[in-house]
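Trainee: One structure coming up, written as C-alpha cells, with questions to follow.
The values are calculated or read from the model by the stated rules, or taken from the named source; none is laboratory data. Remember, it's a predicted structure, so these values are computed and weren't measured experimentally. When we count neighbours, we look across all protein chains shown, and the Cβ atoms used for this are built from the backbone with ideal geometry, even at glycine.
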Amino acid sequence: MRNVRIAIVLTLAGAAPAFAQEFSIIGDSTVIGRNWGYPTGTPHARNEDNPLGRTRVDTLDLAVETAFFFKNLELTGFDDSTGIDGETFFGFLAPVRLRYRAGERLTIEGGVVLGQNFGDDDALDVVEPLVRLAYEPTRGVYIIAGTILPTHPISDALLDDVHVFHETEQGFQARVDWEHWKNDLWINWRVREDEFTAEEFEVGNATQLRLDGLRGDAQMLWYHVGGQQNDGDRVENYVAGLIGGSVGIQGSRFVTPPKWLEDVRVGARYLASHDSTADDESGSGVEVFAHIDTRPHEQVLLRGFVSHFEGDDYAGARGDPLYSLDDYSQAGVTALLSLHEGLRVEGTAVLQHSEEEVNYTFAINLVWGRSFTLYDPTN
C-alpha cells in the first residue's frame, strides 16, 4: 500500500494538548491549531496589564486574521472500501471582524469569513457572515454563540483537523479554561434542512483534568444526519469516544526541569466507535504516544513526537481516515518560532508508517493576527 502525504500550509492569522498527531501546535489562534478558553487571535496585544490580549472594556477593535494555505494529500494504493482519497488544499481563509467588549464579561464580534480553495472545487469556498457572542459568567468559563471557534482540542481520530479548510462552524459552544479542568463542548450545525436536504450536525466534547504532571482525557463526537421535513429517508448516526491519560513533567511539583526543557510526556488512550447506518458496526483501538518539548530560545519551541495506533474496525465519520487502518504509526518534529508583531512561523515534518508502507507529511505555517483600535472612550 502506498500513501504519500505532503502538506505545506501558509497561514497568516492570530499550549496545545498532548496529542501526537500532525496538527498545528499554535495555541492562541481562532483559525488554526487547538486551544482552550477564548483566544483573541491577536497575540501582539498581550502585556503585563492585559495578559490575555483582550479588547479593553467599552473599546472597539478591528481584528484581522488571514490564512493562505497549500496542502496536498497524495493518498494512493488504498482500495475503495477504505474511503481514503487524496485531496488538495490551496487558497486562503480570512476571518475579519469588529470586536466590541461591552463589559467585563461580554464581547461581541461581527464581520465576515472570506475563503477560497483553488485546489478543490468541493472544498472551502465561502463568503459568510461572522457573528460571535462570547459571555464569561465566571473567570475562565466562556459561553459562545454564533460563529464558534473551530480550534477544538480533540483527537484527529474523532475530528480531522483538515475540516477547518472545508467549512466554518456555526452553533453554540461552552469552554472552561481552569488550572485543573479544561473543557470544550460544542454543537456545530453543518447543514440546514430543507425539502430535499437532510440536516447535519455534530455534538462534540473534550475534557481534560490536570493534577501536577498527570492529565486525564475524555472525548466524544456524535455526528447526525437526518431530519423530519425532507423527502429523503437518510438517517445516519456515528458516535466516537476516547478515554486516556498521560504523565509528564510540565505542571509537576516534583520535577524541576532545566529552562530549556518544557515537557516530557508519555500516555495512552482507548478509542471506540459505533456506526448505526447499516449493520450497527462497532470498532475500537488503542493508541500510545510520547512527546518532548524543548525551548532552545525563548522565542523557539521544538516538539518531537511519536505515536502508534492499533485498531479493530475503528471508524470515525469525521476523523482522520488513517485511523480506520489496523495499524498506524508516526514520528515527527515541529518547530514554532514566535516573532515580533504577533507573527508565528511553524514547520512540521512527520514520517508515517502503515502496513509496511512509509508515508510523509510536511507542513509550514506562517501565522499572524493583529487588532487595531477604532474607538477608545478614554482618548
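Trainee: Take residue 322 and decide whether it is of a type outside the set (S, T, N, Q), in contact with a Ser or Thr (Cβ under 6 Å, 6 or more places away or on another chain) and either at pLDDT 90 or above or buried (at least 20 other Cβ atoms within 10 Å of the Cβ) (or both).
Mentor: Values: of a type outside the set (S, T, N, Q): yes; in contact with a Ser or Thr (Cβ under 6 Å, 6 or more places away or on another chain): no; either at pLDDT 90 or above or buried (at least 20 other Cβ atoms within 10 Å of the Cβ) (or both): yes.
Considered against the rule, which asks whether it is of a type outside the set (S, T, N, Q), in contact with a Ser or Thr (Cβ under 6 Å, 6 or more places away or on another chain) and either at pLDDT 90 or above or buried (at least 20 other Cβ atoms within 10 Å of the Cβ) (or both), residue 322 comes out as no.
Trainee: Give the number of residues within the stretch 197-220 that are in contact with a Gly (Cβ under 7 Å, 6 or more places away or on another chain) and modelled with pLDDT under 95.
Mentor: Residues meeting the conditions: 4.
Trainee: Under 7 Å by Cβ, and 6 or more places apart or on different chains, what pairs join a residue from the stretch 31-46 that is farther than 15 Å from residue 345 by Cα with one that is surrounded by fewer than 22 Cβ atoms within 10 Å (Cβ to Cβ) and of a type in the set (Asp, Glu)?
Mentor: Cβ pairs passing all conditions: 36/177; 37/177.
Trainee: So, of the residues in the stretch 120-144 that are outside any strand (DSSP E or B) and over 20 Å from residue 36 (Cα atoms), which turns out to be modelled with the lowest pLDDT? Steps first, answer last, please.
Mentor: Looking only at the stretch 120-144, we keep the residues that are outside any strand (DSSP E or B), and these are 120-124, 139-140.
Cutting the leftovers down to over 20 Å from residue 36 (Cα atoms) gives us 120-124.
Numbers: 120: 57, 121: 56, 122: 51, 123: 48, 124: 51.
Among those residues, the one meeting the criterion is 123.
Trainee: Determine whether residue 239 is of a type in the set (Val, Ile, Thr), farther than 30 Å from residue 306 by Cβ, modelled with pLDDT under 95 and outside any loop (DSSP other than H, G, I, E, B). Walk me through how you get there before you give the answer.
Mentor: Details: of a type in the set (Val, Ile, Thr): yes; farther than 30 Å from residue 306 by Cβ: no; modelled with pLDDT under 95: yes; outside any loop (DSSP other than H, G, I, E, B): yes.
Answer is no for this residue.
Trainee: Within the stretch 307-340, how many residues are assigned to a helix (DSSP H, G or I), under 20 Å from residue 277 (Cα atoms) and not polar (S, T, N, Q)?
Mentor: 2
Trainee: Could you check residue 336 against (1) out of contact with any Leu (no Cβ under 8 Å at 6 or more places or on another chain); (2) crowded, with 16+ Cβ neighbours inside 10 Å and say which number it fails?
Mentor: Of the numbered conditions (1) out of contact with any Leu (no Cβ under 8 Å at 6 or more places or on another chain); (2) crowded, with 16+ Cβ neighbours inside 10 Å, the odd one out for residue 336 is (1).
Trainee: I've got another one for you. Among the residues of the stretch 263-273, is any closer than 30 Å to residue 64 by Cβ and charged (D, E, K, R)?
Mentor: As a first pass, look at the stretch 263-273 and keep what is closer than 30 Å to residue 64 by Cβ: none.
No, because not a single residue in the stretch 263-273 is closer than 30 Å to residue 64 by Cβ and charged (D, E, K, R).
Trainee: Please tell me if residue 284 is more than 20 Å from residue 27 (Cβ to Cβ) and either surrounded by fewer than 16 Cβ atoms within 10 Å (Cβ to Cβ) or among the aromatic types (Phe, Trp, Tyr) (or both). Lay out the reasoning, then the answer.
Mentor: On the way: more than 20 Å from residue 27 (Cβ to Cβ): yes; either surrounded by fewer than 16 Cβ atoms within 10 Å (Cβ to Cβ) or among the aromatic types (Phe, Trp, Tyr) (or both): yes.
So residue 284 passes the test.
Trainee: For the stretch 11-47, enumerate the residues that are at pLDDT below 50 and under 25 Å from residue 110 (Cα atoms). Reasoning before the result, please.
Mentor: Of the residues in the stretch 11-47, the ones at pLDDT below 50 are 11-20.
Across the stretch 11-47, the qualifying residues are 11, 12, 13, 14.
Trainee: Restricting attention to the stretch 290-313, and to residues there that are closer than 13 Å to residue 156 by Cβ and in contact with a Phe, Trp or Tyr (Cβ under 6 Å, 6 or more places away or on another chain), which single residue is surrounded by the most Cβ atoms within 10 Å (Cβ to Cβ)?
Mentor: 309
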